[in-house]
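Notes to accompany the following structure.
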Amino acid sequence: MLREAAGRYVAFDGRMWRTLIGLFRPGFLTREYFAGRRRRYIRPARLFLVLSIGLFALLRFDVGSEHLLQQGLDNAENSSTEAAPAKTSPTESGRAKAGSRETKRAVGDAASGSTELSNLMIDLGGEPGLEPLRDRTAAFNRLPRKEQVEQIFSGVLRYGPYAMFALLPLFALLLKIVYVGRASRYPQRPRRYAAHLVFGAHSHSFLFLAVALLVLLPGGAVRTALIVWTMAYLLLSMRAVYGGRWSGVIGRAAVLSVSYLVFFAIVVAGLVAAAILLR
């Protein structure tokens, strides 16, 4: 019953596995879509939807903010206790031990969420009309640091899929800009915005799948190979779908990546703000 109910939206049949396997071939699904061979694969929009929601659900259950916070605290403790001088006087030794005790006490307080000084503080200033937001930020400032991190982490995961839906049309627009020009030299090159949108959906879907596998796979040769393949995937996909010389592909990919990362950073900042203000 679950398979039939989910298969209506996720296609838990041969199409799903055929699509996921084809997704690892750069540009393959996009070229198949343009060639009209579409029924054997999951549609780009549905694939993008399923993998984006699946990735953020996996991150919510597999990567806890407590683990990230504890890792940061452990790093702070390790850095504060490393590389003591070879020779110290008794007075200096006593001061060092006292400082070490104070550092450990501070780390312990931060781990328990009772240190006020380590909290994230947000100040909206005295601008009029911001009273509702000011109340929310004041409530956030009063939380212990651990709860602040948890709220930001859960909020980013909650609004993350919506942010990716906003970034996909932007990615397609950037593609249209970097590939603007005459069609006489490469007549088969996709030039319509909808075609760039299909390519963007497939590229993002592969990224979602690769990140999910990186979360699940242990460290090793397979994980390293997946990281290398992910880094080269965009270049290979652009060459397979749009054609052209490697110099042009690399140049366009560089412009596309830098521009996209700028907007991605803006979206991440917006996600953090939404996690704090829209709890």
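The values are calculated or read from the model by the stated rules, or taken from the named source; none is laboratory data. Everything numeric here is computed off the predicted structure, so don't read it as measured data. Quick reminder, even Gly has a Cβ in these numbers, built from the backbone with ideal geometry, and neighbours come from all protein chains shown.
Would you check which residues across region 222-279 are of a type in the set (D, E, K, R) and in contact (Cβ under 8 Å) with a residue 40 or more places away in the chain and list them? R239, R252, R279, listed by residue number.
Residues that are within 14 Å of L271 (Cβ to Cβ), modelled with pLDDT under 75 and hydroxyl-bearing (S, T, Y) within region 127-170 comprise S154, Y159, listed in sequence order.
A Cβ distance below 8 Å, combined with a sequence gap of six or more or placement on separate chains, defines the contacts here; from region 20-40, residues that are more than 24 Å from W229 (Cβ to Cβ) reach residues that are of a type outside the set (K, R) in the pairs R38/E32. Inspect region 214-221 for any residue being touching a residue at least 12 places away in the same chain (Cβ under 8 Å) and either assigned to a loop (DSSP other than H, G, I, E, B) or among the hydroxyl-bearing types (S, T, Y) (or both) and give the result as yes or no. The answer is no; no qualifying residue exists. From the list G181, G220, G160, the lone residue that is loosely packed, with under 12 Cβ neighbours inside 10 Å and more than 22 Å from F24 (Cα to Cα) is G181. Looking only at region 192-206, residues that are in a helix (DSSP H, G or I) and surrounded by fewer than 17 Cβ atoms within 10 Å (Cβ to Cβ) come to 2 in all. When the criteria are applied in full, Y186 fails the requirement of being in contact with a His (Cβ under 9 Å, 6 or more places away or on another chain), over 29 Å from L58 (Cβ atoms) and at pLDDT below 95.
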